[in-house]
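Report on the following structure.
No lab work stands behind these numbers, since they all come straight from the coordinates. All of these numbers come straight from a predicted model, not from anything done at the bench. As a convention, Cβ positions derive from the backbone with ideal geometry for all residues, glycine included, and neighbour counts pool all protein chains shown.
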């Protein structure tokens, strides 16, 4: 068994038996690695240090610090990269051994947050990032960035080319077929950053976290392309990063459309096979022939 192919820590080769036309053959196949990541917050104020475990999410290993930073931003805990003093892996308290599945984020002393408001069943499955929220009110955060008035305008043809461009950069997906991806694109259709994960919301957090850590927020005049569905949470994450457009290969939800409409965001769904639906914000899409 080859756990990690060269240059990758996101897939594993496993032995299988293939069935084809009533015949069996022994072979091998690649599977996406899925492991838990625990995120802990630590803060030292007046010489007293306090640490809280705030989230456990099932994710594909890789870009863990981007994931943690993006999660904290989109959950409204931090507002910019300077709120983070440091990040690192830590020791599992249960086994007293170093763990690559536990990230501790040390916040600056001046960062204020209410740990009570963060209380939820912080077990986010790889398919649903908002499962376990204590209440619907916990989903509403005040973003540091507004998107209304941005200058993003993308041509119809350029938009339809994005899924193929994303697919060309998904090496692990082409091997396993089991990863979601999120990409940041500009008005010319250039993919500026791409992140993959078994969870579509994790992929978006990794993408936003990477831009946060590079001090490239807000994401004005840019869009996020998601390889899956456009859920409320993905729209919320984009809004927290100041991104005015979300385009998804899959279907949007009604709540996602409501959020996009309320905050003047453009929401595109079913972007595939040279077609797409515009649910909100059509002014950011260039003209095309109409029927």
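For the listed peptides 144-155, 211-222, a ranking on the average number of other beta carbons within 10 Å per residue, highest first, reads 211-222, 144-155.
Ranked by the mean number of other Cβ atoms within 10 Å of their residues, highest first, the peptides 64-75, 38-49 come out as 64-75, 38-49. State log₁₀ I(q)/I(0) for the range 156-284 at q = 0.11, 0.12, 0.20 Å⁻¹ as given by the Debye formula over alpha-carbon point scatterers of equal weight, solvent excluded. After summing over all Cα pairs, the log10 values are -0.31, -0.37, -1.12.
Pairwise alpha-carbon distances in the range 196-255 exceed 14 Å for 50% of all pairs.
Applying 1/(1 + (r/R0)^6) with R0 = 45 Å to the Cβ-Cβ distance of residue 25 and residue 101 gives a FRET efficiency near 0.80.
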